[in-house]
Amino acid sequence: MDTDLALAECPGGHRLAALSRVAAAMAETFEPARVLERSIEALVEATDARCGEAYQVGPDGPALEVVRGCRGVCPFKRRLEGLAREAARRREPVREGSLVAFPVLREGEVRGVFGLDLGEEREGVDGCFLGAVGHLTALALDHAELVREFERREAERVRLLRKWLGAQEEERRRVGQALHDEVGGILTGALLALRLAKSDPERLEEVRRVLGQALDEVRRLSRELRPAALDDLGLERALRRHLQEFAGRTGIRVHARIDPPKLDRARQVALFRIAQEALTNVARHAQAENVWVTLEPRGNRLVLEVRDDGEGFDPERTADTLGLAGMRERAEQLEGRLQIVSARGEGTRVLAEVPLAGGAD
């Protein structure tokens with residue numbers, strides 16, 4: 001049995017059927033404009049109005065979305081905007097002759113405005129009925145927004161998952177390249193030295209030295225892959241150790257001011273990785289003599305800054321080749337931001353800011 005037809009046979013059945021159609025809009029559409037369209041259609045039919053209009057209310061006030069029932073010159077259409085704005089401002093119905101505009105309210109917030117031209121002979125209107133339609137419409141608009149927000153969050157989750165998988169693959173590529181270029185090169189030298197040692201045993205010492213270099217390089221790559229020092233020492237001491245090793249390995253002078261508060265694991269790892277990547281870029285590309293590393297709270301945010309006095313670069317042209325996208329993603333995943341300031345001959349400044357939230361875990 002058709003629900004609307006069944007309701008139409010009851011006392012006040014046209015209005016019950018109208019309420020039913022508005023409620024049905026909650027299940028069939030997630031577009032605010034479509035919700036308003038269904039609601040104004042039901043209102044016009046239930047009240048036998050000559051025409052009706054539905055406004056969606058945004059930051060700039062009511063904006064016309066739907067017109068229903070108007071034929072020819074419609075005085076309501078010419079005068080409705082003022083009535084709609086007045087109804088939105090007062091949060092209550094506004095009447096002018098046969099015209100009525102009433103707000104769609106949800107927890108005190110105006111979500112839309114409906115307007116009806118009831119005709120000169122039908123100036124009266126059932127306020128309870130209009131209130132019920134407005135309430136149902138507000139629920140439908142909330143429902144539509146919740147579904148759209150869920151869809152937006154799901155799309156964002158999929159986007160972040162793809163980024164994470166891409167970053168994971170990029171990390172594997174980087175480690176594989178390092179093993180091939182650095183460890184592989186060292187071991188190749190050791191193999192050549194070992195062959196020569198067959199006829200010249202004194203070269204065995206060179207073999208031991210080269211193999212020691214390979215072992216050191218494997219350990220370094222292992223530490224980069226998994227900063228175990230974070231588990232054992234915490235962010236401050238782990239970062240200071242990394243800076244000490246960085247200075248010893250590169251000869252670049254390090255100036256550090258590191259004073260982080262207690263942080264959750266996610267923030268510790270993200271900040272360590274950002275600092276690690278920024279320092280790797282300094283060592284590989286900057287031709288710097290000094291690097292300044294600062295990690296400290298400023299207001300309600302934690303700020304990490306890595307600055308060098310090297311050659312600098314154009315961030316717009318070389319960002320993808322320096323791992324800056326990965327650093328930016330780590331900051332954004334914590335609802336933070338990353339800023340790169342650099343220019344040829346002026347050094348580079350990497351600034352990461354993340355909210356101070358959560359404690360140590």
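The values are calculated or read from the model by the stated rules, or taken from the named source; none is laboratory data. From a predicted model like this one, the values you see are computed outputs, not experimental measurements. Every residue, glycine among them, receives a Cβ derived from its backbone with ideal geometry; neighbour counts consider all protein chains shown.
Considering only residues that are surrounded by fewer than 16 Cβ atoms within 10 Å (Cβ to Cβ) and in a loop (DSSP other than H, G, I, E, B), look in the range 314-340 and name the one that is modelled with the highest pLDDT. Ranking the qualifying residues of the range 314-340, first place goes to Glu335.
Please pick out the residue among Leu99, Leu130, Leu139, Leu118 that is under 20 Å from Ala24 (Cα atoms), at pLDDT 70 or above and in contact with a Lys or Arg (Cβ under 8 Å, 6 or more places away or on another chain).
On the way: Leu99 fails: under 20 Å from Ala24 (Cα atoms); Leu130 fails: in contact with a Lys or Arg (Cβ under 8 Å, 6 or more places away or on another chain); Leu118 fails: under 20 Å from Ala24 (Cα atoms).
Step by step, each of Leu99, Leu130, Leu139, Leu118 is checked, and only Leu139 is under 20 Å from Ala24 (Cα atoms), at pLDDT 70 or above and in contact with a Lys or Arg (Cβ under 8 Å, 6 or more places away or on another chain).
Got at least one residue in the range 235-254 being in a helix (DSSP H, G or I) and within 30 Å of Arg157 (Cα to Cα)?
Checked the range 235-254: at least one residue is in a helix (DSSP H, G or I) and within 30 Å of Arg157 (Cα to Cα).
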